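Encoded as structure tokens, here's the structure I'll be asking about.
Where a number appears in this text, it was derived from the coordinates with a stated rule and is not lab data. Quick caveat: nothing in here was measured; it's all calculated off a predicted structure. Note that each Cβ is placed from the backbone with ideal geometry, even for glycine, and that neighbours are counted across all protein chains shown.
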Amino acid sequence: MKTLLNLSVAAMLLAGGAFLYADDDEHEEHENYRSSRVAQPVTPQEKATVALYTKECGACHMAYQPQFLPKRSWDKTMNTLDNHFSTDATLAPADHKTIQNYLATHASKNDRMSDMKGAVALRISETPYFVREHREVTKKMVTQPEVKSFANCNACHTQATNGSYREREIRIPNYGRWE
Amino acid sequence: MKYLAIVSFFSMSLMAASPEVVQYMNELSKTAKVENSSFNGFDAVRGKEIFTSTHTGKQGKPMSCTSCHTVNLANSGKNSLTGKVIDPLSPRANPQRLTSTKEVTKWLKRNFMDVYAREGSAQEKGDVLTYIMKN
């Protein structure tokens, strides 16, 4: 009986796994973002690192989840902070090192730039995945003052700062839900 | 002695900066004197001019500290590029301001680069900090 129970549990797990896998094609990336919340560190040291990242990078814009770009993008960003989208975003050397390591550790394992003809994306919005996911979003929705640009994830993704980008959480200012 | 303590406490609150930032300004003052023998202390009027005047910044466009911080330092500002809200600069409106030398030096360097496309001199930094303290 016990064996049977184990078998049925295993079968359920397998079925569930197969279902999740089938779902992955469309939503794999979303699942990744949800499980990789910047705001959910574990050890005290991680907490301190995330707090530093959120404070320093979040001073001027949303502290984007590191999983949105591969390591080589983050390295390029961190190596050009003296001219970061035309502003000086330089950090104290120790903080710079901590943040660069944090980004490298949590960067996307997928390169995400296969269609970019060798270019290294600095903007998340340049990556083919982002472009595809936002292809139906009109220019007017993005450039309106309440949003300003694609850089402001949290203008529409209401849980973006928590690392969640589910469709049902979307509220586009002056347009509403995305469904 | 008690009188002295009260006076020093009073002058501290007038300064509206933490002891470490006051110490940093003393160092700026020494450097300013070395760089300019006629230097005779920081000046909030000069600081206001630094803060409110328009220059060709890092982006090659007209830029002023007030582009993001607004002219009223007790009010919140807004990052002119991203739209992110910036807490008030005035230490009276925002007690977190001018409490950390690390923060102060970081932002002075960045923002002089953004607005003036160069770093500020010791005198300019002290002047603008003096202006911020008095607002």
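Under a cut-off of 20 Å between alpha-carbon atoms, report the lysines in cross-link reach of B:K125, not counting same-chain residues fewer than 8 places apart.
List returned: B:K30, B:K33, B:K48, B:K58, B:K102, B:K106, B:K109, B:K134.
Using the Cα centre of region B:2-133 as the reference point, and only Cβ charges (+1 on K/R, -1 on D/E), how large is the resulting charge dipole? Debye, rounded to the nearest 20.
260 debye
If the cut-off is 27 Å between C-alpha atoms, which lysines fall inside it for A:K139, apart from same-chain ones fewer than 8 positions away?
A:K117, A:K148, B:K61, B:K78, B:K84
Classify region B:4-135 as rounded, prolate or oblate from the Cα gyration tensor: take a ≥ b ≥ c as the square roots of its eigenvalues, call it rounded if a/c is under 1.5, otherwise prolate when a/b beats b/c and oblate if not.
It is oblate, given that a/c is not under 1.5 and a/b is not larger than b/c.
Translational diffusion coefficient of region B:85-135 at 25 °C, 0.890 mPa s, Stokes-Einstein with Kirkwood Rh over Cα pairs, in µm²/s as a whole number.
215 µm²/s
For peptide B:71-82, compute the average count of partner chain beta-carbon atoms within 10 Å of each residue's beta-carbon.
2
Could I ask something else about it? What distance in nm lies between label points placed 7 Å from Cα along the C-beta direction at B:W107 and A:A51?
2.0 nm
Using only alpha carbon pairs under 8 Å that are at least six residues apart, calculate the relative contact order of chain B and give it in whole percent.
Normalised by residue count, the contact order of chain B is 34 percent.
I've got another one for you. To the nearest whole number, what is the average tally of beta carbon atoms from other chains within 10 Å of the beta carbons of peptide A:150-159?
Rounded to a whole number, the mean comes out at 1.
Provide A:M141, B:M25 in ascending order of the number of other Cβ atoms located within 10 Å of each residue's Cβ, fewest first.
Least to most surrounded, the residues fall as A:M141, B:M25.
Next up: Taking each residue in A:82-92, count the Cβ atoms of any other chain within 10 Å of its Cβ, then average. What number comes out?
Per residue, the number of nearby Cβ atoms from other chains is 5 on average.
Once you list every other residue whose beta carbon is under 14 Å from the beta carbon of B:N40, what net charge do they have if Lys and Arg are +1 and Asp and Glu are -1?
Charge balance near B:N40 sits at 0.
Using a ≥ b ≥ c from the Cα gyration tensor of region A:36-108 (square roots of the eigenvalues), is it rounded, prolate or oblate, where a/c under 1.5 gives rounded and otherwise the larger of a/b and b/c decides, a/b for prolate?
Here region A:36-108 falls in the prolate category.
Using a simple charge model, +1 on the beta-carbon of Lys and Arg, -1 on the beta-carbon of Asp and Glu, nothing else, what dipole does region A:36-108 show about its Cα centre, in debye to the nearest 20?
240 debye
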